1. Here are some residues: Leu290, Leu322, Leu331. Which one is under 29 Å from Gly98 (Cβ atoms) and touching a residue at least 12 places away in the same chain (Cβ under 8 Å)?
2. Could you tell me which numbered condition Arg266 fails, if it satisfies all but one of (1) within 15 Å of ligand 2 (Cβ to nearest atom); (2) buried (at least 22 other Cβ atoms within 10 Å of the Cβ); (3) under 28 Å from Asp198 (Cβ atoms)?
3. Does Gln310 satisfy the criteria of being away from ligand 1 (no atom under 16 Å from the Cβ), surrounded by fewer than 18 Cβ atoms within 10 Å (Cβ to Cβ), in a helix (DSSP H, G or I) and in contact (Cβ under 8 Å) with a residue 24 or more places away in the chain?
4. Determine whether region 335-354 contains at least one residue that is acidic (Asp, Glu), assigned to a helix (DSSP H, G or I), in contact (Cβ under 8 Å) with a residue 40 or more places away in the chain and surrounded by fewer than 22 Cβ atoms within 10 Å (Cβ to Cβ).
5. Pull up region 1-36, narrow it to residues that are away from ligand 1 (no atom under 16 Å from the Cβ) and among the aromatic types (Phe, Trp, Tyr), then point me to the one that is modelled with the highest pLDDT.
6. What's the number of the condition Arg239 fails, among (1) open to solvent by less than 10 Å² (accessible area, probe 1.4 Å); (2) within 16 Å of ligand 1 (Cβ to nearest atom); (3) under 23 Å from Leu221 (Cα atoms)?
7. Confirm whether Ala305 is more than 24 Å from Leu40 (Cα to Cα), open to solvent by less than 10 Å² (accessible area, probe 1.4 Å), among the small types (Gly, Ala, Ser) and within 16 Å of ligand 2 (Cβ to nearest atom).
Amino acid sequence: MSYLSADQRYNIENAVYKAISETKITDIHTHVYDPAFGELLLWGIDDLLTYHYLVSEAFRWMDISYDDFWGLPKQYQADMVWKALFIDHSPVSESCRGVLAVLDALGLDVSMRDLDSYREYFESLQPSEYIDKVFEIANLDSVVMTNDPFDDLERPVWLAGFERDPRFHAALRMDALLNSWETAAPKLKQWGYDVSVDFSGETCAEVRRFLTEWIDRIDALYMAVSLPPSFAYPEESPRGRLFAECVLPVARETNLALGLMIGVKRQVNPDLKLAGDAFGKSDISVIECLCRENQDIRFIVTMLARDNQQELIVASRKFRNLHVFGCWWYLNSPFFIEELTRMRMEWLGLSFTPQHSDARVLDQVIYKWGHSLPIIADVLIDKYANLAATGWQISEEEIKRDITGLLGGNFWQFIS
Ligand code: HDL
Ligand code: ZN
């Protein structure tokens with residue numbers, strides 16, 4: 001049994017931190033938008049402070065009614081959140097710390113606690129210069145958006161066409177189609193797709209046409225959908241039928257990966273709007289069945305319940321068409337990132353994608369990657385140190401190779 005000298009560990013640490021800081025990231029799931037979408041791209045201090053994570057935390061201290069709060073202009077909402085979560089109570093939650101980490105990374109003086117001066121800074125910036133700055137600070141190569149043809153603000157931009165910013169890839173999000181078929185069908189009909197809620201006639205063929213036309217229009221990297229804990233497949237339901245007769249055939253036909261984000265319980269408290277969603281434990285056998293019966297389709301999967309993580313890892317060991325990604329939403333904090341990354345590396349080696357930001361406000365990529373990369377680095381250092389203790393020699397090139405894979409390379413290899 002050979003032991004690791006302090007020098008050996010120091011060299012490994014250096015090589016990992018160097019490679020992590022130099023490797024550009026593909027952020028494979030976000031809610032940010034190509035600048036062509038204008039106001040849909042959120043950025044700056046007031047969007048940061050009214051991010052739904054902070055709103056739900058602020059309501060725990062505020063005695064204003066939901067309606068009164070939502071009726072306030074965004075800046076007033078931000079003022080109330082700032083007071084409740086930063087001034088009246090120390091901002092120790094990850095969402096609050098994240099706002100301060102962004103301001104600090106931008107070179108603003110967080111100790112001043114001067115919200116108006118922060119506002120002046122952001123008001124002095126143009127979106128295009130700010131996007132460049134944020135991508136540079138966060139060391140992003142590109143992001144994947146969440147694109148919803150049923151979004152009335154987003155759809156017309158795509159239909160009018162625009163020159164794409166190559167840093168903003170698209171993903172076709174199918175929640176409205178698959179989880180709200182009764183309201184989606186009439187809209188599809190209105191858009192010229194000959195569908196009926198009762199699936200009569202050419203409905204499934206027309207839904208397939210809708211999917212393929214939008215995949216082409218946005219040049220989607222993958223199709224995606226978020227699903228409730230109760231998600232079942234096969235299932236005698238509109239979603240079950242759409243999956244079987246539309247989504248899976250189109251994935252096969254287009255050779256696009258299918259992103260499944262499982263476990264979200266939507267609108268547990270509707271008064272909180274975007275902040276009103278919670279989660280539940282899902283049945284992993286549904287994923288096992290999908291992967292087993294469709295081994296020619298690639299699934300990129302993340303699950304929202306901590307209790308689903310080990311079984312998702314084991315499912316990924318059973319099916320090479322299942323790629324695990326990210327510490328999603330309520331798992332995107334240091335405590336869970338550490339646990340999930342260690343579990344995954346010990347049982348999947350390097351064949352997974354440890355993180356995505358899920359950023360809804362562009363600036364958030366700075367803190368969401370800022371709290372993830374050091375943890376991923378530390379787990380890697382431990383694993384490389386354990387290898388070195390056996391006498392196995394790791395080269396700097398191999399460390400760079402491994403990290404390039406974890407920060408996007410494995411994703412690109414899996415989906416193409
Ligand atoms: O469904 C999703 O993609 C989730 O990420 C939701 O958008 C959620 O509101 C979120 O932003 N989580 O980080
Ligand atoms: Zn998301």
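1. Leu331
2. Failing condition for Arg266: (2).
3. yes
4. yes
5. If we take residues in region 1-36 being away from ligand 1 (no atom under 16 Å from the Cβ) and among the aromatic types (Phe, Trp, Tyr), then Tyr17 is modelled with the highest pLDDT.
6. Just one mismatch for Arg239, condition (1).
7. yes
This table checks each residue for (1) hydrophobic (A, V, I, L, M, F, W, C); (2) under 19 Å from the mean Cα position of the chain (by Cα); (3) modelled with pLDDT of 95 or more; (4) farther than 25 Å from His356 by Cβ.
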residue	(1), (2), (3), (4)
Asp116	no, no, yes, yes
Tyr121	no, no, yes, yes
Asn139	no, yes, yes, no
Asp148	no, yes, yes, no
Leu153	yes, no, yes, no
Trp158	yes, no, yes, no
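The values are calculated or read from the model by the stated rules, or taken from the named source; none is laboratory data. Keep in mind that what you see is a predicted model, and the values were worked out from it rather than measured. Virtual Cβ from ideal backbone geometry, glycine too; neighbours counted across all protein chains shown. Side chains are part of the model used for accessible areas, which takes the heavy atoms of the whole protein and leaves out ligands, DNA and RNA. Shrake-Rupley method; radii C 1.70, N 1.55, O 1.52, S 1.80 Å.
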